[in-house]
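*Asks:* Quick one: this structure, given as structure tokens, is what I'll be asking you about.
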Amino acid sequence: MATLPFFDLTSLSAWMERQHRPFHRQYLAFYSSWFGGIVLDPLLMMLPADDHMCHRGDAVFEAFKCVAGAVYNLGAHLDRLLNSAAMIGLPCPQPRPALEHIVLETIRASRTTNCGVRVYLARGPGSFSARPDECPESQLYVVVTRPAVPIMERFPDGVAVTLSTVPVKPAPFAAIKSCNYLPNVLMEAEAEQRGAQFSVAFDERGFLAEGATENVGIVTTDGRLLFPNIGRILPGTTLLRIIELAHRMVAQGALKTVAQTDISRASFGAACEVLVCGTTPDVTAVVSVDGRSVGAGMPGAVFRELSRRLQDDMLNNAALRTPV
């Protein structure tokens with residue numbers, strides 16, 4: 001058996017120069033409070049191995065996007081990030097204005113006006129134990145990537161969903177956007193194995209919960225737009241915007257009502273439309289569930305109108321656009 005090589009800074013740097021991969025082209029900029037600045041080379045987008053985010057999932061994060069030169073709904077995302085952090089007793093190493101400044105500076109460094117952004121607030125390095133008090137200082141990481149292709153552009157006729165067998169996260173963990181995402185990963189694997197685009201879970205009571213990284217709702221045959229109660233799902237920023245936009249549709253008579261409530265398997269199965277929503281998928285039309293058609297088996301009228309309104313909100317709602 002060959003002897004393992006040893007590296008110093010010089011030899012490691014030479015090795016790294018040969019390790020660029022095609023997927024690295026997706027990674028545009030990275031801020032690390034551990035470094036104290038920004039790097040652009042994907043090979044330098046590294047974390048300390050003893051950061052609790054790496055070996056315990058002891059961190060929280062947010063994912064949002066910059067659209068046509070402005071970050072959409074930044075305030076709501078940073079609110080949720082800091083709320084998730086507070087729920088696990090994780091202090092932010094920067095005050096709120098500095099946190100926002102770092103996000104915008106990292107986006108500027110990427111030299112793009114359309115991108116995805118992920119912000120990680122981690123317990124930080126200090127030990128390989130599970131004890132948070134052995135990590136003397138929390139850390140902040142910001143990653144800017146190329147934007148994902150909207151799923152309705154890839155599947156213009158709608159997407160397929162499979163019902164998940166992965167147990168739903170209990171409260172309060174469902175409402176904390178932590179980096180402990182193993183259940184979510186397993187749900188994504190289910191969808192891939194079954195030839196679906198999304199996996200959707202029901203809780204132990206038989207009520208609709210959420211997807212792996214998305215919220216899910218239904219449109220009933222009598223015109224009600226329904227989403228699950230917040231207790232067992234993550235309060236999605238896109239979900240909350242869609243509810244606000246849908247209330248305007250109710251006022252205009254395009255919907256009977258919009259509400260968050262318990263949704264049974266029977267109600268889910270009888271829906272005329274099923275919608276998936278989130279930062280990456282925006283509003284997405286589900287046309288089949290485990291091979292069974294939803295409604296007419298094509299994107300419906302509520303999907304089309306909500307999608308139009310959300311796109312308009314992202315591009316033209318100055319109150320929710322933070323210029324880069």
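Residue-wise test of (1) over 20 Å from LEU140 (Cβ atoms); (2) touching a residue at least 24 places away in the same chain (Cβ under 8 Å).
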site: PHE6; (1), (2): yes, no
site: LEU9; (1), (2): yes, no
site: PRO22; (1), (2): yes, no
site: ARG25; (1), (2): yes, yes
site: VAL60; (1), (2): no, yes
site: ASP79; (1), (2): no, no
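*Asks:* Now for a different question. Does GLU153 satisfy the criteria of being assigned to a helix (DSSP H, G or I), of a type outside the set (A, V, I, L, M, F, W, C), loosely packed, with under 15 Cβ neighbours inside 10 Å and modelled with pLDDT of 95 or more?
*Replies:* Judged against the criteria, GLU153 is a match.
*Asks:* Please find, among THR284, THR280, the residue that is β-branched (Val, Ile, Thr), in contact (Cβ under 8 Å) with a residue 24 or more places away in the chain, part of a loop (DSSP other than H, G, I, E, B) and on the phi < 0 side of the Ramachandran plot.
*Replies:* THR280
*Asks:* Looking only at the range 66-80, which residues are surrounded by 15 or more Cβ atoms within 10 Å (Cβ to Cβ) and over 17 Å from LYS177 (Cα atoms)?
*Replies:* Hits for the range 66-80 are CYS66, VAL67, ALA70, VAL71, TYR72.
*Asks:* Could you give every pair whose Cβ atoms fall below 7 Å, whose first residue belongs to the range 33-45 and is without any contact (Cβ under 8 Å) to a residue 12 or more places away in the chain, and whose second residue is surrounded by 14 or more Cβ atoms within 10 Å (Cβ to Cβ) and in a loop (DSSP other than H, G, I, E, B), counting only separations of at least 6 or pairs across chains?
*Replies:* Short answer, once both residue conditions are applied: VAL39/MET45.
*Asks:* For the range 168-224, which positions are in a loop (DSSP other than H, G, I, E, B) and among the hydroxyl-bearing types (Ser, Thr, Tyr)? Lay out the reasoning, then the answer.
*Replies:* Narrowing the range 168-224 to residues in a loop (DSSP other than H, G, I, E, B): 168-172, 176-177, 179-181, 194-197, 203-206, 212-214, 220-223.
Across the range 168-224, the qualifying residues are TYR181, THR213, THR220, THR221.
*Asks:* So ASN83 fits all but one of (1) on the phi < 0 side of the Ramachandran plot; (2) among the polar types (S, T, N, Q); (3) touching a residue at least 12 places away in the same chain (Cβ under 8 Å); (4) surrounded by 13 or more Cβ atoms within 10 Å (Cβ to Cβ); what number is the exception?
*Replies:* Result: ASN83 fails condition (3) only.
*Asks:* Just name the residue that is surrounded by the most Cβ atoms within 10 Å (Cβ to Cβ) out of those in the range 112-135 that are over 15 Å from MET53 (Cβ atoms) and in contact (Cβ under 8 Å) with a residue 12 or more places away in the chain.
*Replies:* Per the criteria, the residue is VAL117.
*Asks:* Same structure, new question: Could you tell me which residue of the range 251-277 is surrounded by the fewest Cβ atoms within 10 Å (Cβ to Cβ), considering only residues that are free of Cβ contacts under 8 Å to residues at least 60 places away in the same chain and closer than 14 Å to GLY158 by Cα?
*Replies:* The residue in question is CYS272.
*Asks:* Okay, next question. Within the set of pairs 6 or more residues apart or between chains, which connect a residue that is closer than 22 Å to ARG56 by Cβ inside the range 176-197 to a residue that is acidic (Asp, Glu) and buried (at least 17 other Cβ atoms within 10 Å of the Cβ) with Cβ atoms less than 9 Å apart?
*Replies:* Every condition considered, the pairs that remain are LYS177/GLU62; SER178/ASP58; CYS179/ASP58; ASN180/ASP58.
*Asks:* Confirm whether ARG232 is over 28 Å from ARG321 (Cβ atoms), buried (at least 17 other Cβ atoms within 10 Å of the Cβ) and not acidic (Asp, Glu).
*Replies:* Yes: the conditions hold for ARG232.
Yes/no matrix, rows are residues, columns are (1) modelled with pLDDT of 95 or more; (2) surrounded by 15 or more Cβ atoms within 10 Å (Cβ to Cβ); (3) under 17 Å from GLY269 (Cβ atoms):
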position: LYS177; (1), (2), (3): yes, yes, no
position: LEU182; (1), (2), (3): yes, no, no
position: GLN197; (1), (2), (3): yes, yes, no
position: VAL200; (1), (2), (3): yes, yes, yes
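The values are calculated or read from the model by the stated rules, or taken from the named source; none is laboratory data. Everything numeric in this text was worked out from a predicted model, so none of it was measured. Because the Cβ atoms are built from the backbone with ideal geometry, glycine has one as well, and the counts that use them run over all protein chains shown.
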